[in-house]
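> The structure is given below, and queries will be raised subsequently.
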Amino acid sequence: MAKPVEFGIGFLAGRTNICNIINNCYKDMIEQLQRYKEEVNLTIFILYDLEYQHTKREDFYSLKDDVYKKINIKYITPEDIEEEKKILKSRYNLTKSEVNLILGCGYGRARNAIMYFALKRKMDYLLFWDDDEYPYANIKGEGNNISWKKQDNLLEHLNVIEYADVTVGHRCGNMSPVPCVKFDDEVEEENFKKYIDAVSNEAVSWSKVKKTMEQSENGMSFAETDITEGKDKIVLKHIGIENWLLGSGICINLTHVDKIPAFYNPPFARGEDAFFSTLLSEANVVKVPTYHFHDSFLKYTGILKGKFPKRFEKIALDDEAIRRKIFKSINGVDKI
């Protein structure tokens, strides 16, 4: 009898919305995996950062009792990370600065830590899922009406990952950390362009931001119908940084770990997904037809309970919570 497939989901949790996601999605996770051709054991890894929003440890443990009963939950605590650092230093004669580069909180190190603990638990595959993304696609309909479609975000990756090194899904929703801006005497277009140029990367550029602001609804991007209908399943040809991947919505084949690079971001900066992408030139990377809705400002948490908006609110600078989120994004703090 074949052994079950070990499938992990890695959550980097800077915000307690992670509990909302798991509590409302765990039944669907289980149902998806039951439709797979083989038996699957599911483990959820949660690495939380208490400094990002000055949260308390217990805030990340408010999962339903049924979640603990039906899914393997592994919390990666600060103590766990420090213990593994000691082991790595002793076993491989690494320095403190070397182990601190590999494991910890922050964008790149946290993803490394989740991969590390997934390997220790003998996971076959690991899907990264951020704490502001939901397995739904928003589709623009007639008269600017929005329709919503639930996504098989686990199953689509699982159907392909055994033949690939990395699989990657799609993202719709917010383009973070960019608000909607009305250009006037207070905010001039040229000055805003300079700001975007300063924080730009492969995901955010002035041309993309301007196009989104001009063509989208209040800065939101929509899912493509062909993709939601499963017509987009292609192997990406990696040439340098041209085919970069987002850090969330990617699934890693841990049985091909020799093809998988570590994550890295420069001090006080983002970029872990871009650096990861540049080292995939020899890997088989497959894009799969599934979306995550990106709710970077946590304006649409009701989606998880079936409350789908018919219109999108404007992500405006006069909202204090949005201003704080943008400040954290552009301040270059190496945290989740």
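Coordinate-derived values only; no laboratory data. Because the structure is a prediction, the values reported are computed rather than measured. Quick reminder, even Gly has a Cβ in these numbers, built from the backbone with ideal geometry, and neighbours come from all protein chains shown.
> Restricting to Cα pairs below 8 Å that are 6+ residues apart, what does the relative contact order work out to for region 135-175? Please round to a whole percent.
Details: 32 pairs, mean separation 13.3, N = 41.
Answer for region 135-175 is 33 percent.
> Sticking with this structure for a sec: Have a look at region 1-92 and give its Rg and Dmax from the Cα atoms, expressed in angstrom.
In order Rg, Dmax, the Cα atoms of region 1-92 give 15.5, 48 Å.
> Can you list residues whose amide H is under 5 Å from I146's amide H, if they're 5+ apart or on another chain and H is modeled 1.01 Å from N?
Sorted by chain and number, the residues that satisfy this are G141.
> Here's another thing I want to ask about it. Can you tell me the order of 74-87, 100-113, 36-49 when each peptide is scored by its average per-residue count of other Cβ atoms within 10 angstrom, highest first? Display every interim value, and only then the final one.
Details: 74-87: 15.0, 100-113: 21.6, 36-49: 18.5.
Top of the packing list down: 100-113, 36-49, 74-87.
> What distance in nm separates the simple spin-label points at E79 and T278, each placed 7 Å from Cα in the Cβ direction?
Output for this residue pair reads 3.9 nm.
> What ³J(HN,Hα) values, in whole Hz, does the Karplus curve 6.51 cos²θ - 1.76 cosθ + 1.60 give for region 269-283 when θ = phi - 60°, with x put for Gly and Pro?
Result, ordered by residue: 8, 8, x, 4, 6, 5, 4, 4, 5, 5, 9, 9, 4, 9, 8 Hz.
> Next question, about the same structure. For region 21-158, what does the relative contact order come out to in percent, with C-alpha contacts under 8 Å and a separation of six or more?
Numbers: 102 pairs, mean separation 32.4, N = 138.
With pairs under 8 Å counted, the relative contact order is 23 percent.
> Still on this structure, please answer the following. Counting Lys +1, Arg +1, Asp -1, Glu -1, what net charge surrounds A118 among other residues with beta carbon under 12 Å of its beta carbon?
Details: positive: K74, R111, K120, R121, K122; negative: E6, D124.
Computed value for this residue: +3.
> So what is the relative contact order of region 245-291, in percent, for Cα pairs below 8 Å that sit 6 or more residues apart?
Values: 30 pairs, mean separation 17.4, N = 47.
Relative contact order for region 245-291 comes out at 37 percent.
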